[in-house]
Amino acid sequence: MTDATTPACTQRMIVGITGASGVIYGIRMLETLRRIGVETHLVMTRSAQVTLGFESDMGIAEVHDLASVNYPINDIGAAPSSGSFRTLGMVVAPCSIRSMSEIASGVTGNLLTRSADVTLKEQRRLVLMLRETPLHAGHIDTMSRASRMGAIIAPPVPAFYTRPESLDDIVDHSVGRVLDLFGLDAGTVKRWGEPDGSGPTPSD
């Protein structure tokens with residue numbers, strides 16, 4: 001997917017990982033983007049590094065190695081903090097309520113939320129894989145505000161029509177559906193109504 005701000009030769013994505021549960025989504029996003037040839041620019045919060053220790057056997061350095069470039073969370077002068085740094089957009093996977101709230105308020109305190117703010121002001125695609133439940137009214141109001149600003153709120157909700165056989169199947173499908181929003185086909189989505197998916201097909 002390209003637009004007026006992204007030359008055809010550039011396939012570059014900013015990936016943010018916050019401290020919400022579900023660090024596997026950020027890891028799989030990096031792995032998938034690498035596999036399909038998209039350059040990735042990674043920003044992890046300190047909370048994400050803590051969550052990584054609880055939810056994965058991977059170390060921080062291993063996650064960094066999955067990205068083309070990675071940045072310290074407080075490096076607010078890094079390339080993704082500028083609108084002149086052209087990208088396809090940004091994915092925050094997973095996205096915490098705190099990070100979404102900073103993005104929605106426009107009062108950004110680190111490189112991750114600053115990069116998201118820049119993505120919005122440049123009218124590029126920003127997808128927030130929000131990980132929280134249940135939600136109170138304040139959370140929902142914040143989601144609505146972020147959405148009105150142009151963010152896409154995309155909680156990683158499993159699709160069971162695909163008959164997943166493993167956790168990997170569920171994660172891959174969710175990551176693939178997010179990449180669909182950027183016009184990127186990860187090859188991991190079982191599509192309703194198509195021969196490799198479930199449900200009715202044109203031949204039925």
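Seen from Gly106, the other residues with C-beta closer than 11 Å to its C-beta sum to a net charge of +1, counting Lys and Arg as +1 and Asp and Glu as -1. In order along the range 176-184, the Karplus-derived 3J(HN,Hα) couplings, from 6.51 cos²θ - 1.76 cosθ + 1.60 at θ = phi - 60°, round to x, 5, 5, 5, 4, 5, 9, x, 10 Hz, and Gly and Pro are given as x.
Taking the Cα centre of the range 47-108 as origin and assigning +1 to Lys and Arg Cβ atoms and -1 to Asp and Glu Cβ atoms, the resulting dipole is close to 300 debye. Residues whose amide H falls under 5 Å from that of Thr40, counting only those 5 or more places apart or on a different chain, are Met13, Ser68, Val69, with hydrogens built in the peptide plane.
To the nearest 10, the accessible area of Val157 is 110 Å² with a 1.4 Å probe. Across the range 1-160, the mean sequence separation of Cα contacts (distance under 8 Å, 6 or more residues apart), normalised by length, yields a relative contact order of 24 percent. In this structure Ile36 has an accessible area near 60 Å², from a 1.4 Å probe over the protein heavy atoms.
Only the Cβ atoms of Lys and Arg (+1) and of Asp and Glu (-1) were treated as charged; on that basis the dipole of the range 2-153 about its Cα centre amounts to roughly 360 debye. Candidates Trp192, Val171, Gly138 compared by Cα position along the dipole of the chain: farthest toward the positive end lies Gly138, with charges placed on Cβ. For the chain, the per residue solvent-accessible surface stands at 48 Å², with DNA, RNA and ligands left out and a 1.4 Å probe.
The values are calculated or read from the model by the stated rules, or taken from the named source; none is laboratory data. As the structure is a prediction and not an experimental result, all values here were calculated from the model. Don't worry about glycine lacking a Cβ; one is built from the backbone with ideal geometry, like all the others, and counts go over all protein chains shown. The protein model used for the area step is the full one, side chains on, heavy atoms only, and it has no ligands, DNA or RNA in it. Shrake-Rupley method; radii C 1.70, N 1.55, O 1.52, S 1.80 Å.
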